[in-house]
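Visitor: Take this structure, written in C-alpha cells, and hold onto it; I'll ask about it next.
The values are calculated or read from the model by the stated rules, or taken from the named source; none is laboratory data. Treat the numbers as computed from the prediction; the structure is a model and nothing was measured. Counting neighbours? That spans all protein chains shown, and the Cβs are built from the backbone with ideal geometry, glycine included. Surface accessibility is based on the protein's heavy atoms, side chains included, excluding ligands, DNA and RNA. Shrake-Rupley method; radii C 1.70, N 1.55, O 1.52, S 1.80 Å.
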Amino acid sequence: MLALLHTSQAHVLTFDRLRGEVAPTLTLYHIVAEHLLDEARRHGVPAVADQVAQQVQLAVEAGARAVLCTCSTIGALAEDAAAAAGVPVLRVDRPMAAAAVAAGTRITVLAALATTLAPTTALIEQEAARLGRTVEVSAQVIGGAWDRFEAGDLDGYLDRVGAALAAVTDADVIVLAQASMAPAAERGATAIPVLASPRLGLRAAAAL
C-alpha cells in the first residue's frame, strides 16, 4: 500500500486515475490535510514540520509501505520525516526536478503559490548538484491563478497557467510547481517541453 499525503481534496481523483495507468495493482491510501498548506502559508513552512511528521506516521500506522507527498510546499518536510517513520517518503516533485535537470540548463518554474517557489527552486538545484550539472533556474508566480483554484474554477485556473506557459520564450524546459497544474501541460500552449509532477511522482513512488 502506498499512502498519499495531500493538501487538496482535488488530488484524490487525479491520482486514482493515474494509478490505473501507472500501477493498476497498487493500493492507494489517501490522507487529505488541507490545513497544513493553510498554516504553512500563514505561519511559514517550518511551522508545520511536526504536523507533517505526524501525518506520515499515521500513514505508516495504517499499513503504508511508502508515502508520497503531493504538496510541493511541504514536500521537503515530508521527506525529512522518513527516518523516524521507517518507510521511504518521496515528495511528488523530486522525479520531475531530476527530469528537468536532464532536459536542459535553462529551467523556468511556474507556480500558482508563492510558498512553492523557494522549495521547488531549491529542489531543482539539489538535483542538479546530485547529477553534477549546472543549471539556471528562473521562477515566477502566476498572478490570480490560485484564487481561481480555491474558488473551484478549474478552467479559469488552467487558462491562467496556459497563458503563463505561452509567455515563456527563453527556457529549455518548463516545470509546473503544483500537481494541480498538470492538465495545463496537455493544452499545447507552448512548444517548449513542460513537466508536471503527478505521473512522474506516482511512478517513482510505486517503484519504492
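Visitor: Quick check on the range 139-156: of everything there that is open to solvent by less than 50 Å² (accessible area, probe 1.4 Å) and assigned to a loop (DSSP other than H, G, I, E, B), which residue is modelled with the lowest pLDDT?
Guide: GLY144
Visitor: Can you tell me which residues in the range 157-208 are in a helix (DSSP H, G or I), surrounded by 21 or more Cβ atoms within 10 Å (Cβ to Cβ) and either among the basic types (Lys, Arg) or out of contact with any helix residue (DSSP H, G or I) (no Cβ under 9 Å at 6 or more places or on another chain) (or both)?
Guide: If the condition is that a residue be in a helix (DSSP H, G or I), surrounded by 21 or more Cβ atoms within 10 Å (Cβ to Cβ) and either among the basic types (Lys, Arg) or out of contact with any helix residue (DSSP H, G or I) (no Cβ under 9 Å at 6 or more places or on another chain) (or both), then ARG160 is the only one that fits.
Visitor: If you don't mind, another one. Could you check ARG94 against (1) of a type outside the set (Ser, Thr, Tyr); (2) modelled with pLDDT under 95; (3) touching a helix residue (DSSP H, G or I) at 6+ places or on another chain (Cβ under 8 Å) and say which number it fails?
Guide: Unmet condition: (2).
Visitor: For the range 1-40, which residues satisfy the criterion of being more than 16 Å from the chain's Cα centre (by Cα), over 23 Å from ALA85 (Cβ atoms) and open to solvent by 70 Å² or more (accessible area, probe 1.4 Å)?
Guide: ARG17, GLU21, PRO24, THR25
Visitor: When GLU136 is evaluated against the numbered criteria (1) at pLDDT 95 or above; (2) among the charged types (D, E, K, R); (3) closer than 30 Å to ALA53 by Cβ, which criterion, by number, is the only one it fails?
Guide: Condition (3) is where GLU136 drops out.
Visitor: Something else about it: Which of the residues belonging to the range 96-129 are in contact with a strand residue (DSSP E or B) (Cβ under 8 Å, 6 or more places away or on another chain) and among the charged types (D, E, K, R)? Don't jump to the end; show me each part of the working.
Guide: Residues of the range 96-129 that are in contact with a strand residue (DSSP E or B) (Cβ under 8 Å, 6 or more places away or on another chain), as a first pass: 96-97, 99-101, 103-114, 117, 120-121, 123-125.
Once the filter is applied, which keeps residues that are in contact with a strand residue (DSSP E or B) (Cβ under 8 Å, 6 or more places away or on another chain) and among the charged types (D, E, K, R), the range 96-129 yields ARG106, GLU125.
Visitor: Pairs only if they're at least six apart or on different chains, beta carbon under 7 angstrom, first in the range 87-104 and small (Gly, Ala, Ser), second surrounded by fewer than 18 Cβ atoms within 10 Å (Cβ to Cβ) and at pLDDT 95 or above; list them, first residue then second.
Guide: ALA103/ASP172; ALA103/PRO193; GLY104/ASP172
Visitor: Output the qualifying pairs, or none if there are none: Cβ atoms under 6 angstrom, residues six or more apart or on different chains, first residue in the range 170-183 and within 14 Å of ALA114 (Cα to Cα), second residue assigned to a strand (DSSP E or B).
Guide: Pairs that qualify, where the first residue is within 14 Å of ALA114 (Cα to Cα) and the partner is assigned to a strand (DSSP E or B), are LEU176/LEU110; ALA177/VAL109; ALA177/ALA111.
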